[in-house]
Amino acid sequence: MKGISMKLKPFSIAALAFASWAAIATGASAQQMTLTKDSLPQITTTGTARATDKPDQATIYLGIRVEKPTAKEAADEASKASKSFLSDLRGQGVTDADIKTQQSQVAPIFDQERAPNGNMIRKQRGFMAMQSFSVRVRDVAKAGDVARRALQNGANIFNGVNFELANPKARRIALGAEAAKVARTEAEAYANAMGLKLGRIMMMQPADGGPHYAAAPAAMRMKADAGGAEETPIPLEPGEVETEAAMSVTWELVAN
């Protein structure tokens, strides 16, 4: 009997130690769960704010495309025409900071011809050179005149226009604050209906990736013949641009 007692004693102590450790671990786990924010009564609402404004700047897209027998002739002709209309733009007050090259290339061009055996073959016709630019016009009312004069002074491509706000970030920030107020008003209404009130803010972030700015759509892309440009500005209607911000906020709910 004494031998059996000696074998059981260390087992009982080990079991007791394991049980005590498990109880402590379980208590710690329960306490941790109690302290996590997800276990608190909460409410999440999303507020949205929108505004429409008249754009105060325009970006127009202009360029030149020429075809010549050799690459050098095409490049020289395109460069000459580009320098001409860009010089006129600067004469109208457009700064270098508002002119940006979008594309510049020289490439062979081919025609499709049918060979005597009936197969279609490519035959080089010459070379094409193209240069395109974005031009920011800070006076929206002058955008049509700027485009027309560029076409008169060497450009033969007009690829549309975007109407924008010069400082969209400031508009977005202001609307983000309004959206947060809308979210709070809605959350307070729901909390009051349940006899509760809002406590701490647990989370606050822009909804759907943050506020966004919707620019006025660009005009339909078109090619223009410089020789046919008239003295009247190209009719460009700026319309309005819409700015929108959404804010999602989560509050802790507490008793009144």
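Quick notes
- ALA107 being under 12 Å from MET128 (Cβ atoms), in a strand (DSSP E or B) and either among the acidic types (Asp, Glu) or modelled with pLDDT of 95 or more (or both): yes
- In summary, THR101 fulfils each of the numbered conditions (1) within 30 Å of ALA141 (Cα to Cα); (2) β-branched (Val, Ile, Thr); (3) surrounded by 14 or more Cβ atoms within 10 Å (Cβ to Cβ) with the single exception of condition (3).
- The set of residues in segment 143-181 being open to solvent by 40 Å² or more (accessible area, probe 1.4 Å) and basic (Lys, Arg) consists of ARG149, LYS169, ARG171, ARG172, LYS181.
- One residue stands out in segment 84-101 among those that are charged (D, E, K, R) and in a helix (DSSP H, G or I): the one that is farthest from VAL146 (Cα to Cα), namely ASP96.
The values are calculated or read from the model by the stated rules, or taken from the named source; none is laboratory data. Note that the coordinates shown come from a computational prediction; the quantities given were computed from them, not determined experimentally. Methodologically, a virtual Cβ is constructed for each residue, glycine included, from the backbone with ideal geometry; neighbour enumeration extends over all protein chains shown. Note: accessible area is taken over every heavy atom of the protein model, side chains too, but ligands, DNA and RNA are not part of it. Shrake-Rupley method; radii C 1.70, N 1.55, O 1.52, S 1.80 Å.
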